[in-house]
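To keep things clear, I will list the structure first and then write my remarks on it.
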Amino acid sequence: MWGRREAVVEQRGRQSERISLAMPVEVVGNNLFGDIFLCEGWTEVVSQTGARVRLKQNLASDQEVTIRCLETGKEASARVVARVNGKSKQNVYGIMLLDPETQPWGINFPPRGDSAGAVGRIVLECLTCRTRELVYLDGFELEVLESSETLSRFCRRCADSCLWRKSYEALPVGMDDAESSDRSGLEDRRDPRREVRTIACIQNGEDGEELVKVRNVSRSGLCFESRRTYDKDGKIEVAIPYSSGGGNIFLPARIARVQNLPTGVITLYGAEYVRR
């Protein structure tokens, strides 16, 4: 379980979307003896206000460091908030940027209020200028992106409408089609559902990650197929759409509906997002 300081990292991280993304970084600081060190590592999660980074170097809580993103060449001053318990044998730390406007990750973050009607969240890249931006997708945009692999939208840097694509390598879909069935009762009907065939990633603490096929989506949740067993009211995290290269945004959700298909191999689940 995370301790009190780790919980502070999690709470503060909610000021912006958390993007699951591995980016090479360099961290510069002073060790306990006052000597300057430079070590390389990787981000595990980035946000507008900070990151979770994996390093070989030991850091101290409240220590100030300089972090440089090797992919963008940008650097920023940051403060170590806490060491985060993880599965990695290396050190994993939560850091907060002293000035969030520095944005070393090279990703534009929209206001959180723009996500009100979103059914998908992903980092997209402008094919003209290579600008990367966290994008909130409605049902139509998600369907277009998954069918054509590009999306036409306005680019502030180009000052024109441009084609955008997933910023990182798309996941090849090779999963077998599941049996058709009656889906009545699987979703909360408060929000309109849209039939979308795409891939999502499901995380939970016990079984790790699973890639699943999505049947339909709404702004309040989704319906997906799985060969695993998820308990009703069980807690999960969902990234939709999903890119195998990174740039994924996981949202907390709970299993609201469970429907076993006649074959007993595939189960349909209705997941409802948990509002923070």
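Data for the structure
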{"item": "Longest to shortest principal axis, alpha-carbon extents of region 190-231, angstrom", "result": "32, 19, 13"}
{"item": "Total formal charge among the other residues, if their Cβ is under 9 angstrom from that of Arg165, Lys/Arg +1 and Asp/Glu -1", "result": "-1"}
{"item": "Val196 long-range amide H proximity, modeled H, under 5 Å", "result": "Asn216, Val217"}
{"item": "Overall dimensions of region 81-166 as given by Cα atoms, namely Rg and Dmax in Å", "result": "16.2, 46"}
{"item": "Length gained when the stretch Ser244-Arg165 is fully extended (0.36 nm per residue, less Cα-Cα span)", "result": "27.1 nm"}
{"item": "Inter-site label distance for Leu98 and Glu26 at 7 Å from Cα along Cβ, in nm", "result": "1.9 nm"}
{"item": "Solution diffusion estimate, µm²/s, Stokes-Einstein, region 24-176, Kirkwood Rh from C-alpha pairs, 37 °C, viscosity 0.692 mPa s", "result": "189 µm²/s"}
{"item": "Residue-count net charge about Arg68 - beta-carbon cut-off 12 Å; Lys, Arg +1, Asp, Glu -1", "result": "-3"}
{"item": "Burial order of peptide ranges 128-140, 238-250, 63-75 (average beta-carbon count within 10 Å, highest first)", "result": "238-250, 128-140, 63-75"}
{"item": "Loop sites in region 33-75: chymotrypsin sites (Phe, Trp or Tyr not before Pro), DSSP, at most 15 other Cβ within 10 Å", "result": "Phe33"}
{"item": "Spacing of the two label points (7 Å from each Cα toward its C-beta) at Ala60 and Glu210, in nm", "result": "4.5 nm"}
{"item": "Solvent-accessible area of Ser161 with every protein chain in place, 1.4 Å probe, in Å² to the nearest 10", "result": "80 Å²"}
{"item": "Listed residue pairs exceeding 25 Å between alpha carbons, taken from Lys74/Lys166; Lys166/Lys232; Lys56/Lys166", "result": "Lys166/Lys232; Lys56/Lys166"}
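The values are calculated or read from the model by the stated rules, or taken from the named source; none is laboratory data. All of these numbers come straight from a predicted model, not from anything done at the bench. Positions of Cβ are generated from backbone atoms using ideal geometry, with glycine treated the same way; all protein chains shown enter the neighbour counts. Accessible surface is based on the protein model in full, side chains and every heavy atom, while ligands, DNA and RNA are left aside. Shrake-Rupley method; radii C 1.70, N 1.55, O 1.52, S 1.80 Å.
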